[in-house]
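The values are calculated or read from the model by the stated rules, or taken from the named source; none is laboratory data. The model shown is predicted, which means the values in this text are computed figures rather than measured ones. For neighbour counting, all protein chains shown are included, and Cβ atoms are generated from backbone atoms with ideal geometry for every residue, glycine included. Ligands, DNA and RNA are stripped out before the accessible areas are found, and what is left, the full protein with its side chains, is counted by its heavy atoms. Shrake-Rupley method; radii C 1.70, N 1.55, O 1.52, S 1.80 Å.
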Amino acid sequence: MKPSSVLFHSFLFLIFFHFSNIKNSVCREGSLRSDAVQKVKQAADKPRVRRGSEREGSKKDAGNLVYPRLIFSPTTGLPDVNRMQNDSSQSPTWGPSLKNSLYPLSENSLSAYGVLVLSLVVFAVGIVGNLSIMCIVWHSMSMKSAWDSILAGVALWDFLLLFFCLPVVVFQEITHRRLLGDLSCRIVPYMEVSSLGVTTFSLCALGIDRFQSITSSQVSPRPVEPCQSILGKVSVIWIGSLTLALPEILLWQLSQERSPVSGIISDSCLMHPSPDQLPALHSLVLTYKHARMWWFLGCYFCLPLLFTMTSLLVTLRIVGNTKNMKNSQCHRQLSWIVAGLAIVYGVCILPENITNILVAYTSLDLPENLLTLITQFFLFLKSAVTPVLLLCVSKPLGQAFLDCCCCCCDEEAKPAPACNADGNSVRSEPINLPYSANDSALQLGTPC
């Protein structure tokens, strides 16, 4: 065979082999492309699964769920935030939040704002007034008498009542939870009843002091007494009041109720003695509970009013027969101060006695929580009004309060020391006023 023919056949074989490879590659690419198109169509025909639905949630591993678990709404498929916050059954550590009566704005929120504003006013006025009475009596040398010391004791107990009890009552009214739990349910009523006892026995002691001052041969209407005598009188008042109020600690208990709708716990204090007490003590507390209404009406309401009115009438009768007009005017003024304190006390304690009678002897459907709040606020109002009345009616206390305020203003607006022609400061000498034994106003006031 010729070399030219051999080369020609070889060339034809190469061309045929090349075209066969091209055909195979084109067929393979076409099959791959058709498979991809079929997969896309199958994926498009499948029903889409919505995120957050039950179908997708069922594929998740239950062991990977953590609390608080999201609760999806069956209508929207979105997590229900309210149920997530208030549902305490999902986890033992996920508790319900406190109820906020201040938000959102509604009728209940308006009443909560009213209670909050009223309590702030009563708290501010009472704290400032009672602190002023205590400081004036403590720093004034001319007020070391039984009269002023008893008034300072009343101011101290009113200060403690406003400072410790008023925030607890307001917090419970706004959040329906009790600060310090069962402890505050026992301590707050104990302090309230003790405050009634301190005021009651103080009014009686002031009436006795007025009678002794009138019938004695002493010239001063408010004689300065030794510390032992003053401490003895104040101790009798305080120990007697604290002792008579002891059953209140064993009478009250904390009660909690969970709302079936929101799951929020509400606290309330109930007069229910614990059955775990000793039998003799339990029967004694039950007897006190049944006689509590008449005990309050007789001891804490009728006794101070009758005692004060009787001492006032006797004092005015004796003072009317005296010839010393200056002392008689002072005795008459002090007697009317005691009468004013008794009237304020009677007006503020009257709602509690009326409430007790209505609850015990009528079948009216009365909101007990509202009545309890009203009686407590009248008691706090008494603690705030009493020092204001003393500062306005009593001339020594009012003058001392004004002197203290003026001294504070003078210290703030104290001018710079004057300088002479050489540039040296000139020291001003105090003006010494001549002392007069008849001018008792120089002895009043705090040493500023």
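Could you say whether any residue in region 244-256 is closer than 26 Å to Cys299 by Cβ, small (Gly, Ala, Ser) and in contact (Cβ under 8 Å) with a residue 40 or more places away in the chain? Reasoning before the result, please.
Going residue by residue through region 244-256, those that are closer than 26 Å to Cys299 by Cβ are 244-253.
Pick out the ones that are also small (Gly, Ala, Ser) and you get 245.
After this cut, where a residue has to be in contact (Cβ under 8 Å) with a residue 40 or more places away in the chain as well, the list is 245.
Yes, because at least one residue in region 244-256 is closer than 26 Å to Cys299 by Cβ, small (Gly, Ala, Ser) and in contact (Cβ under 8 Å) with a residue 40 or more places away in the chain.
Just to be sure I understand, how many residues within region 273-289 are open to solvent by 50 Å² or more (accessible area, probe 1.4 Å) and at pLDDT below 85? Lay out the reasoning, then the answer.
We begin by selecting, within region 273-289, every residue open to solvent by 50 Å² or more (accessible area, probe 1.4 Å); these are 275-276, 278-281, 283-284, 286-287, 289.
Imposing the further condition that a residue be at pLDDT below 85 reduces the set to 275-276.
Selection size over region 273-289: 2.
Name the single residue that is nearest to Phe378 (Cα to Cα) among those in region 147-203 being open to solvent by less than 20 Å² (accessible area, probe 1.4 Å) and among the charged types (D, E, K, R).
Of everything passing the filter in region 147-203, Asp158 is nearest to Phe378 (Cα to Cα).
What is the residue count in region 322-375 for residues that are of a type in the set (Lys, Arg) and either modelled with pLDDT of 80 or more or closer than 29 Å to Phe171 by Cβ (or both)?
Residues of region 322-375 of a type in the set (Lys, Arg): 323, 326, 332.
Filter again for either modelled with pLDDT of 80 or more or closer than 29 Å to Phe171 by Cβ (or both), leaving 332.
Matching residues across region 322-375 total 1.
So which of Ser268, Ser241, Ser262 ends up being assigned to a loop (DSSP other than H, G, I, E, B) and either in contact with a Ser or Thr (Cβ under 8 Å, 6 or more places away or on another chain) or within 26 Å of Leu371 (Cα to Cα) (or both)? It would help to see each step written out before you state the result.
Working: Ser268 fails: assigned to a loop (DSSP other than H, G, I, E, B); Ser241 fails: assigned to a loop (DSSP other than H, G, I, E, B).
On inspection, the qualifying residue turns out to be Ser262.
Within region 301-315, track down each residue that is open to solvent by 50 Å² or more (accessible area, probe 1.4 Å) and closer than 11 Å to Ser335 by Cβ.
Met309, Leu313, Val314, listed by residue number.
Which members of region 229-272 meet the condition of being at pLDDT below 90, among the β-branched types (Val, Ile, Thr) and more than 17 Å from Val154 (Cα to Cα)?
Val261, Ile264, Ile265 - these are the residues of region 229-272 that are at pLDDT below 90, among the β-branched types (Val, Ile, Thr) and more than 17 Å from Val154 (Cα to Cα).
Looking at region 340-374, which of the residues that are among the polar types (S, T, N, Q) and open to solvent by 60 Å² or more (accessible area, probe 1.4 Å) is nearest to Val388 (Cα to Cα)? Can you show your working first?
Kept after step one, since they are among the polar types (S, T, N, Q), are these residues of region 340-374: 353, 355-356, 362-363, 369, 372.
Subset that is open to solvent by 60 Å² or more (accessible area, probe 1.4 Å): 363, 369, 372.
On the way: Ser363: 39, Asn369: 29, Thr372: 25 Å.
The extreme case among them is Thr372.
Can you find, within region 244-259, the residue that is farthest from Ser184 (Cα to Cα) among those that are assigned to a strand (DSSP E or B), open to solvent by less than 80 Å² (accessible area, probe 1.4 Å) and not aromatic (Phe, Trp, Tyr)?
From region 244-259, those assigned to a strand (DSSP E or B) are 252-258; that's our starting set.
With open to solvent by less than 80 Å² (accessible area, probe 1.4 Å) added as a condition, the list becomes 252-255.
Pick out the ones that are also not aromatic (Phe, Trp, Tyr) and you get 253-255.
Details: Gln253: 9, Leu254: 9, Ser255: 12 Å.
That would be Ser255.
State whether the residues of region 116-127 include one that is under 30 Å from Asp209 (Cα atoms), touching a helix residue (DSSP H, G or I) at 6+ places or on another chain (Cβ under 7 Å) and either open to solvent by less than 40 Å² (accessible area, probe 1.4 Å) or modelled with pLDDT under 90 (or both).
Keep residues of region 116-127 that are under 30 Å from Asp209 (Cα atoms), which gives 125-127.
Then keep just the ones that are touching a helix residue (DSSP H, G or I) at 6+ places or on another chain (Cβ under 7 Å); that gives 125-127.
Okay, now just the ones that are also either open to solvent by less than 40 Å² (accessible area, probe 1.4 Å) or modelled with pLDDT under 90 (or both), so 126-127.
Yes, region 116-127 contains at least one residue that is under 30 Å from Asp209 (Cα atoms), touching a helix residue (DSSP H, G or I) at 6+ places or on another chain (Cβ under 7 Å) and either open to solvent by less than 40 Å² (accessible area, probe 1.4 Å) or modelled with pLDDT under 90 (or both).
Just to be sure before I move on: is Ser335 surrounded by 13 or more Cβ atoms within 10 Å (Cβ to Cβ), small (Gly, Ala, Ser) and touching a residue at least 24 places away in the same chain (Cβ under 8 Å) in the structure I sent?
On the way: surrounded by 13 or more Cβ atoms within 10 Å (Cβ to Cβ): yes; small (Gly, Ala, Ser): yes; touching a residue at least 24 places away in the same chain (Cβ under 8 Å): yes.
Criteria met by Ser335.
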